[in-house]
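What follows is a single structure, written as structure tokens, with notes after it.
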Amino acid sequence: MLKVIRSVLAAFFGVQSEANRQQDFQSTSPWKFIVVGVFMTLVFVFLVGFVAWLAAN
Amino acid sequence: MDQQQRQAGVQRTVIRTLWVLLGMVGFTVALVPLYDVFCEITGLNGKTADSAQVISAQGVDDSREVRVQLVTRSGNGLPWRLVALDPVVTVHPGQISQVRFEFTNVGEQQSSGRAVPSVSPSAGARHFRKMECFCFEQQWLQPGESMQLPLVFQVDPDLPKDIRTLTLAYTLYPMDEVVALGGFRD
Amino acid sequence: MGRILYAYLYAASICLIVLSTTAQASSINTSSGFNMPPGVTEISREVYSLHMTILWICVAIAVVVFGVMFYSLIVYRKSKGAKPAHFHENTTVEIIWTAVPLVILVLMAVPATATLKKMYDTSDAELDVLVTGYQWRWRYEYLEEDVSFFSNLATPREQIYEAEEKGDFYLVEVDEPMVVPTGVKVRLLLTANDVIHSWWVPDLAVKKDAIPGFINETWFKVDEPGIYRGQCAELCGRDHAFMPIEVKAVSPDEYQLWLASRREAAEAEVAGADREWSLDELMERGAGTYNTYCAACHQPQGQGLPPMFPALAGVGMSVDPDGLRAHKEIVLYGKTGTAMPAFGSTLSAAELAAVITYERNAWGNDTGDLIQPSAIRAMLESQ
Amino acid sequence: MASETSQATLHSSVSDVAAGGAAHASHGPTGLLRWLVTTNHKEIGSLYLIFSLVMLFIGGSMALVIRAELFQPGMQYVQPEFFNQMTTMHGLIMVFGAIMPAFVGLANWMIPMQIGAPDMALPRLNNFSFWLLPVAFGILLSTLFMEGGGPNFGWTFYAPLSTTFAPPSTSFFIMSIHLAGISSILGAINIIATILNLRTPGMRLMDMSLFVWTWLITAFLLIAVMPVLAGVVTMMLMDINFGTSFFDAAGGGDPVLFQHLFWFFGHPEVYIMILPAFGIVSLIVPTFARKRLFGYASMVYATASIALLSFVVWAHHMFTVGLPLTAELFFMYSTMLIAVPTGVKVFNWIATLFRGSITFEVPMLFALGFIVMFTIGGLSGVMLAIVPADFQYHDTYFVVAHFHYVLVPGALFAIMAAVYFWLPKWTGHYASETLGKWHFWLSVIGVNLTFFPMHFSGLAGMPRRIPDYALQFADFNMISSIGGFLFGFSQLIFVWVVIKAVRGGRKAPAKAWEGAEGLEWTVPSPAPLHTFDTPPAYDPQTDSPSRH
């Protein structure tokens, strides 16, 4: 699971090494990545929102 | 790969995609009430609650004063006059105040209208609590009839410190027929 | 590859030629003609410097990116015998070129946040003005000052339709500017009567939407006397291009004089309803009022723009002898769901009587109806 | 929605594939009828491309009406109400009629050939989704001749200008948007089904070309946001005809809700129009640099990242509507962050060029033009994200310059590059290099002459969507107009190039470009009507763009 989160984080960052990428694509089902991706998007939204709230007050 | 398998795969994908599509349609439909709820919670766009609120019992903050401006406007097509009889009042947060508005029908027919409120700055909207307001429902006036209606409100003490003036604007709109979809929920 | 460079140099040189010519054209704001105006308020100058900072950062990024790109295009040409390398990934490089923009963006966000917070701080204003957008004019109401008026485009139609030489302030001049005292924080409350408009004066760095049924606010404080011009910035229909804004900043003393003169004029206007008006007087006054407030939709000759804007000449209630009451009502109270506003609460009884009289007698309508201002006042004051 | 029809079409299409995929269309009707009922992905792809070319010229003519009126201050040729119809229709036609169908056309032609599939997964649905488009745009264009004229409220159709104050033809406009939306959704379903199921054995997702990848992600974006667009126009329809008040304050609604809903669709829509372009450029640059794409994996990940982030930046189009401070900051930060993965793509292309062996055939020229000018548009996008500065940029010609840089030398140049790149495959003949170069250089000059001065006029204070302007903006507008006409007429060269290539020209071999990779280059040029009836052999070790 940690690996999946790391990969999704790498995706957000937009950088991924070939070796890790190969590993990601060893698993056949993309669902794990999609679910984690959507979840991380929500986390991201929450984080940016929190920073914005901090900056506003 | 044989055709059978492919066909099954295509069918599975199409069905799944259609589910996603259906989900998005549902989400779109849900966006309208979600937006209303979101507005009410955050005061986004200066929206206030559209039904009476209970008094916030946090006590009166005598150390602060807030100027409340009351502005009225008329929309197109209603022969009414709406006047704020107390255009500016100064209140303490937490204090319950009453201001009066005068509605007059200067037309020749009975007609109905509704005053739609908006509060600025929008950050103050959810701290403007209305206990009694003519804006919760539509009004009917006979030709030449005039009536005074009160607004009972409280600025709750949680109002951000930097807001020292609140403006409440009422726009008067004619109400012929109301379809309770997307708009008022009465 | 020299050709790409050549093309860009070519385009750039054309731009430079234009810049030099534009500088001579009359300027409607503090812009150099090709850049954002630094403006005349503390906030506008801050916005300008923010703009220049990001502009130069973007230019620097472009120079680096295009520099590497054009270097590659020139050096690694096949015609020069370049052999392709075989690398296709380098995690370190990729992390660096992701992290560097990230840092730059964070650095840009900090001053932007600070400026934005100042722009949002409307507290402790000394003057509140309610600005209402109409199709297609602005209305200013000085709350607690009992002064309010419409501000219409002053450029004559003849200039727009090429019959006359265009003036220096073509399309950015109004009949009644918004007057504000210098050195005073002015809070603007914005709303609209019909569709969404947007109140924009570049020199004040203020742009805020005016939304029907809702109220927005913003503020500005001008230090130097002067005239600052702007335009509606949100598409609002046919004459979106023809509803300019003019803010005239004057010394506080002069501002008080202006307020007094406005109140006096308003009183005189009200008093006008006490006397009897002749048909000629009403027709003359009515023609002026009609051209200012009605002609944009109903057209100068009353022919309208159906189906959105009905004709007044020769058809409908304005020629119907029994249509007088309906005619008065629509002018006074407006019409729901259309651009026809309720003029009863905004124009004087004399103007209203004059314009209705005009509409019933101009362009061959000839109903002979003569509406006295006193009758209009009676209507508005309810029987 | 036409769910019954599409269901029926869908079932028959699936069985069609089951029947072997090879049987259809080869001995069907001939002549015009053949094009009407074709289920062949190549023929439908051509139909899409021809349709979008026609729309490009219709929308372009409207742009020229706009530029003619703006050539000088004053009103010369058209009335303001017609001018507003031109700006509105120009936007709608270019977005929904030219750019999007062109990408769908390219997808139809190339996705099956790039993944080794005999056809799209749902061929009859494919035919149906195409033919919805001429109907939709026929209706849209016919509104211009209705009483009160066509839509005149801008392509963003903000309420209440587009509801209470709209011309009577608005219901027809809404219907045409619905039809175009259904077409897009069906097209997207088809593309997803094709990519996920019909890849040749051995080809994994990470072996697909970037064009296929970007289209897969684009198709998901379409599925996600088209219902929102359909929803928002349906609410408009109800406000206009059934007395509801979604967007009318008089009945308790909110005009700002419209903008939130529209841009929740509208921002991902921007990426729908640019992601396939990223894919195209990612194929062309390596081909003519004769070097593998740098950071294939990063490119795929960045595309996914952009797609996800595109859902949380919508309100940056609405900074002036009076959002609370926290919301303004949130959307400023998220917008700045989305620039990062986009920048990564540009860096990857440049790293691909670095130490390559570069030649400058026409497709490469257009791809390079894309990189340069899309980057300019991207950088002005970063400027627009800065809220205090955006208050000055918003709704001015600066914004017009920004999105035209992204869409014209961005999306449109990518489409042109793709056409030059694959014309040899489609027609068997190379496009004329000389004419192609003329087309490219005149386009580059025209585009920059048109849109670069708009940055200046916008900064100096010229609002967008106005038929007449203050004298200060006269010079820049004159240049923009000259550039606009130059650009517009240069596109006639393109039509001539395509016609010439269809009729003859230098013969192209199967692998038309020296550095080209991918399955489409293994079939003869021109590609026969049916390709890959039996799935081609595929070895990721040697054929994958991500191989080591």
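Observations
- Failed condition for D:PHE489, given (1) in contact with a His (Cβ under 7 Å, 6 or more places away or on another chain); (2) open to solvent by 10 Å² or more (accessible area, probe 1.4 Å); (3) free of Cβ contacts under 8 Å to residues at least 40 places away in the same chain: (1)
- Residue pairs whose Cβ atoms lie under 6 Å apart, separated by 6 or more positions or on different chains, with the first residue in segment D:354-366 and facing chain C (nearest Cβ under 7 Å) and the second aliphatic (A, V, I, L, M) and buried (at least 24 other Cβ atoms within 10 Å of the Cβ), are D:GLY356/D:ALA289; D:ILE358/D:ALA289.
- D:LEU198 vs. criteria within 30 Å of B:ASP2 (Cβ to Cβ), within 14 Å of chain C (Cβ to nearest Cβ) and hydrophobic (A, V, I, L, M, F, W, C): no
- Condition check for D:ILE223: open to solvent by less than 10 Å² (accessible area, probe 1.4 Å) and β-branched (Val, Ile, Thr): yes
- Selection status of D:LEU261, farther than 23 Å from D:LEU368 by Cα, in contact with a Leu (Cβ under 7 Å, 6 or more places away or on another chain) and either at the interface with another protein chain (Cβ under 8 Å from one of its Cβ atoms) or modelled with pLDDT of 95 or more (or both): yes
- Given (1) closer than 30 Å to B:ALA125 by Cα; (2) more than 7 Å from every other protein chain (Cβ to nearest Cβ); (3) free of Cβ contacts under 8 Å to residues at least 60 places away in the same chain, index of the condition D:MET318 fails: (3)
- For segment D:444-486, taking the residues that are of a type in the set (Ser, Thr, Tyr) and assigned to a helix (DSSP H, G or I), the one that is surrounded by the fewest Cβ atoms within 10 Å (Cβ to Cβ) is identified as D:SER481.
- Considered as a group, the residues in segment C:305-343 that are of a type in the set (Val, Ile, Thr) and not in a loop (DSSP other than H, G, I, E, B) include one that is surrounded by the fewest Cβ atoms within 10 Å (Cβ to Cβ), and that residue is C:ILE330.
- Matching residues in segment B:60-85 - criterion: being more than 9 Å from every other protein chain (Cβ to nearest Cβ) and not in a strand (DSSP E or B): B:VAL60, B:ASP61, B:ASP62, B:SER63, B:ARG64, B:GLU65, B:LEU85
- Matching residues, segment B:17-31, being at the interface with chain D (Cβ under 7 Å from one of its Cβ atoms) and over 33 Å from the mean Cα position of the chain (by Cα): B:THR17, B:VAL20
- Taken together, the criteria place D:THR335 among residues that are within 14 Å of chain A (Cβ to nearest Cβ), within 21 Å of D:HIS455 (Cα to Cα) and of a type in the set (S, T, N, Q).
- In segment D:60-93, the residue that is surrounded by the most Cβ atoms within 10 Å (Cβ to Cβ) out of those that are of a type outside the set (A, V, I, L, M, F, W, C) and under 14 Å from D:GLY154 (Cα atoms) is D:ASN84.
- Of the strands (runs of 3 or more DSSP E) entirely within segment C:161-217, those holding at least 1 residues that are at pLDDT 95 or above, within 14 Å of C:VAL247 (Cβ to Cβ) and more than 10 Å from chain D (Cβ to nearest Cβ) occupy C:178-181, C:186-192.
- Scanning segment C:221-255 for residues that are closer than 14 Å to C:PRO177 by Cα and either in contact with a His (Cβ under 8 Å, 6 or more places away or on another chain) or not assigned by TED's automatic domain parsing to the domain that holds C:PRO156 (or both) yields one hit, C:MET243.
- Within the option set D:ALA304, D:ALA297, D:ALA250, being at the interface with another protein chain (Cβ under 7 Å from one of its Cβ atoms) and in contact with a Lys or Arg (Cβ under 6 Å, 6 or more places away or on another chain) holds for one residue only, D:ALA297.
- Residue match in segment C:116-127 (condition: within 21 Å of C:LYS221 (Cα to Cα), among the hydrophobic types (A, V, I, L, M, F, W, C), within 14 Å of chain D (Cβ to nearest Cβ) and open to solvent by less than 10 Å² (accessible area, probe 1.4 Å)): yes
- Test: residue in segment C:231-243 that is basic (Lys, Arg) and open to solvent by 50 Å² or more (accessible area, probe 1.4 Å): no
- Hits in segment B:90-109 - residues which are more than 20 Å from the chain's Cα centre (by Cα) and within 12 Å of chain C (Cβ to nearest Cβ): B:GLU102, B:THR104, B:ASN105, B:VAL106, B:GLY107, B:GLU108, B:GLN109
- Among the residues listed as B:THR90, B:THR104, the single one being open to solvent by 10 Å² or more (accessible area, probe 1.4 Å), β-branched (Val, Ile, Thr) and closer than 25 Å to C:GLU145 by Cβ: B:THR90
- Qualifying residue in segment D:139-146 (condition: part of a loop (DSSP other than H, G, I, E, B) and at pLDDT below 95): yes
The values are calculated or read from the model by the stated rules, or taken from the named source; none is laboratory data. These numbers come from a predicted model, not from an experiment. Counting neighbours? That spans all protein chains shown, and the Cβs are built from the backbone with ideal geometry, glycine included. The accessibility values were calculated without ligands, DNA or RNA, using every heavy atom of the protein model including side chains. Shrake-Rupley method; radii C 1.70, N 1.55, O 1.52, S 1.80 Å.
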